[in-house]
Each structure stands twice: as C-alpha cells, then as structure tokens.
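The values are calculated or read from the model by the stated rules, or taken from the named source; none is laboratory data. Treat the numbers as computed from the prediction; the structure is a model and nothing was measured. Note that we place each Cβ from the backbone using ideal geometry, even for glycine, and neighbour counts take in every protein chain shown.
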Amino acid sequence: MSLPYPHRHLLAIEGLEPPYIAGLLDLAESYALLNRSGKTQRDLLRGRTLINLFFEDSTRTRTSFELAGKRLGADVINMSVATSSVSKGETLLDTAATLNAMNCDLLVVRHGQSGAPALLAQKVSAAVINAGDGTHEHPTQALLDALTIRRRKGRLEGLTVAICGDILHSRVARSNIHLLTAMNARVRVVGPPTLIPAEAARLGVEVFHDMRSGLRDADVVMMLRLQRERMAAGLVPSSREFFRFWGLDAEKLAAAKPDAIVMHPGPMNRGVEIDSAIADDPARSVIGEQVEMGVAVRMAVLDVLSRQLLRNA
Ligand code: CP
C-alpha cells in the first residue's frame, strides 16, 4: 500500500493537505478493523523504540500510544517525567538529546508549552509526534475524532460540526478546526465570548455565543473540557452557572439534528460541560468509540512515520 504521508514528524494538522489526512484515516480504519478482529501486526515496528515523554498528565493519549506501539511490535518506554532528571533541572532539550542518544526512533511528546515538540523535532533524529502542546495542537486527537465521525456519518464533507465550550484554551479545538475545515465540513464554535479566541473567524469557522443557535441542525456536537488550569481568573462564572448556559443537556441537544452524535475528547467534567445522561447515552454519545479509534489512529501514525524513517535511513 502506498502511504500518502510525506513528513518526518507529526507536529500539527495545520498545513496538512487533505489527501494526507484522508490517507491517514483510511489506514487507521484498517487498523480499527484489525484491532476488532483481535489480530496484531508485530513485525512492522520490531526493533524500533518508542518513548512516551509526557510533561503533562494523560490517560488516553499515553496509554493508546503505548498500546499502538506494542501492537506493532515496538519496544515502548513510558518515561516518568516526575521521577526523571527533569526534577533536577535538566532541560527539555537535554532530556530529548539524552533519549535520542539511546537510538530512540519515535518520540511522543506532550508539553505545556506550545511549540515544544516542534523545537525537539529540530534537535533529534527520532520522528517526533506531538501528543498535545500547550494551547497549540493535538493532532492525533483530531484524527481520531475525524475517524469516529467518518465511521458514524460516512463522510466529513458537508457536515455541520459544533465545537462547544472552552475553545480559547483548547488544542483539541484548534486541531479539529484545521482538520474539519480542510475536509470541507462546516465548523461552528460555540461558547461565551471570554472563551472564544479573537482569531476564530480567521480560522474559517462561524462563531455563536448561544448554545441553542450554535447547535441548530448540527450533525456533530463536540463538547470540550473547561480548562481551569490554563485560565486567568474571572473568565467564567461558577461551574453551576457555566453548566446552565453552556453545558450540554437534553434540552440544548434537542436543537441539533435528531441523529446528531455527541463527542468529548476527555477527560470529562460531568455536570460542568456535559450532563451524565447525555455522556452515557449509547444512542447519542460516541465517546467510547473515540477512545477506541485513538489506538487505531496512533497505529496508523506510527506506521507511516516508521516507513519514513526507513526511507530516510
Ligand atoms: N483527550 C486526551 O488527550 O486525553 P488525555 O489527556 O487523557 O490523554
């Protein structure tokens, strides 16, 4: 199979051409089917080393990269940053150079600073995958979201996707906006003015400050976590007030199409941005499928980047 992915690293969705996005989704779909069949493909990354370097907490992304690497036969190391020499003052670049000197092939990096994975990519010979950097991007999250939508709706083009809540601090929102607009979906961002970035309109999305208007006839409702840890004080009222105006419940969801799907990248704040009854409704919520597709997407990304390593060897 020819793989339409020309880059050494995966640092962002912005700028990635639609055929490369579609190619990654097609390959991920084949891994989703393989995973459901219970088979593995342990030859592809045999002899390769993948290091998970997470400077911020993670449940889904780190675990699914570990699973993806192991299913493809890689040696996988999860580096605990808290107990590493970072705690003694070692810099990000020195840490990465040290791992690189151990002939690491694939470096999966999550960092609180936007641009940190791109900086590392200039300094190491390993292929670098951005697993979320500051408020910038979370490219594999957008790919897994797109794969989930495509499986449920059969396409991305022409769909109306409402991304709701804390857009300002969300790397998930940014990557999704770039991917979905590139694939000709109609994207709306919905939230209080304090949580919508000034550049939203430039990104080719429609801006709504009212949930019922923003969700009207939407095919996909994507809720985001309120990221209080990145927030200056006073941007939002209490969690209770936020839920009243911006939290997804049955009454607000009724504005969307009757077959609209509900997504959330996790971790969820139940009762803040989403009502438990919606999050747990198997007729509407695809949150579990998003997690499942995360493994398939990360297998596809490791696949194409390892083939690029071979080409560049
Ligand atoms: N969606 C996501 O990135 O989840 P984690 O923070 O658990 O990896």
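Answer yes or no as to whether ASP26 is in contact (Cβ under 8 Å) with a residue 12 or more places away in the chain, surrounded by fewer than 21 Cβ atoms within 10 Å (Cβ to Cβ) and acidic (Asp, Glu). Here the answer is no, as ASP26 does not meet what is asked. Going through (1) buried (at least 20 other Cβ atoms within 10 Å of the Cβ); (2) not in a helix (DSSP H, G or I); (3) not β-branched (Val, Ile, Thr) one by one, LEU302 falls short only on (2). Among the residues of the stretch 209-246, those identified as surrounded by fewer than 16 Cβ atoms within 10 Å (Cβ to Cβ) and closer than 23 Å to THR59 by Cβ are ARG228, GLU229, ARG230, MET231, SER239.
Here's the yes/no breakdown for (1) of a type in the set (A, V, I, L, M, F, W, C); (2) buried (at least 16 other Cβ atoms within 10 Å of the Cβ); (3) without any contact (Cβ under 8 Å) to a residue 40 or more places away in the chain; (4) more than 14 Å from ARG216 (Cα to Cα):
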| site | (1), (2), (3), (4) |
| --- | --- |
| LEU248 | yes, yes, no, no |
| ALA254 | yes, no, yes, no |
| MET263 | yes, yes, no, yes |
| PRO267 | no, no, no, yes |
| ALA277 | yes, no, yes, yes |
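Take the residues in the stretch 29-68 that are small (Gly, Ala, Ser) and closer than 28 Å to ALA182 by Cβ; name whichever of them is surrounded by the fewest Cβ atoms within 10 Å (Cβ to Cβ). Going through the qualifying residues, I end up with SER30. The residues in the stretch 90-143 that are more than 19 Å from THR49 (Cβ to Cβ) and assigned to a strand (DSSP E or B) can be counted, and the count is 4. Pairing each residue of the stretch 94-105 that is in contact (Cβ under 8 Å) with a residue 40 or more places away in the chain and surrounded by 13 or more Cβ atoms within 10 Å (Cβ to Cβ) with any residue that is of a type in the set (S, T, N, Q) and assigned to a helix (DSSP H, G or I), provided the two are 6+ apart or on different chains, yields C-beta distances under 8 Å for THR95/SER85; ASP105/SER306.
Within the stretch 59-75, the residues that satisfy the criterion of being within 11 Å of the ligand (Cβ to nearest atom) and in contact (Cβ under 8 Å) with a residue 12 or more places away in the chain are THR59, ARG60, THR61, ARG62, SER64, PHE65. Looking only at the stretch 144-162, residues that are closer than 26 Å to VAL272 by Cβ and either modelled with pLDDT under 95 or within 16 Å of the ligand (Cβ to nearest atom) (or both) come to 5 in all. Would you say ALA118 is surrounded by 17 or more Cβ atoms within 10 Å (Cβ to Cβ) and either at pLDDT 90 or above or within 16 Å of the ligand (Cβ to nearest atom) (or both)? Answer is yes for this residue. Selection within the stretch 183-195: residues that are among the aliphatic types (A, V, I, L, M) and buried (at least 21 other Cβ atoms within 10 Å of the Cβ). The member of this set that is modelled with the lowest pLDDT is LEU195. Pairs are defined by a Cβ separation below 8 Å, a sequence spacing of at least 6 or placement on different chains, a first member in the stretch 135-151 that is among the hydrophobic types (A, V, I, L, M, F, W, C), and a second member that is in a loop (DSSP other than H, G, I, E, B); the pairs so defined are ALA142/ILE13; LEU143/ILE13; ALA146/LEU156; ALA146/MET183; ILE149/LEU156; ILE149/LEU159. The listed residues are GLY214, GLY165, GLY204, GLY191, and the only one of them that is within 17 Å of THR135 (Cα to Cα), of a type in the set (Gly, Ala, Ser) and more than 16 Å from the ligand (Cβ to nearest atom) turns out to be GLY191.
A single entry from GLU90, GLU56 fulfils the requirement of being more than 14 Å from the ligand (Cβ to nearest atom) and farther than 18 Å from VAL301 by Cα: GLU90.
Residue count for the stretch 79-89 satisfying the condition of being surrounded by 15 or more Cβ atoms within 10 Å (Cβ to Cβ), under 24 Å from the mean Cα position of the chain (by Cα) and part of a helix (DSSP H, G or I): 1. Checked against the criterion of being modelled with pLDDT of 95 or more, buried (at least 16 other Cβ atoms within 10 Å of the Cβ), within 16 Å of the ligand (Cβ to nearest atom) and within 23 Å of GLY69 (Cα to Cα), the candidates VAL109, VAL128 yield just one match: VAL109.
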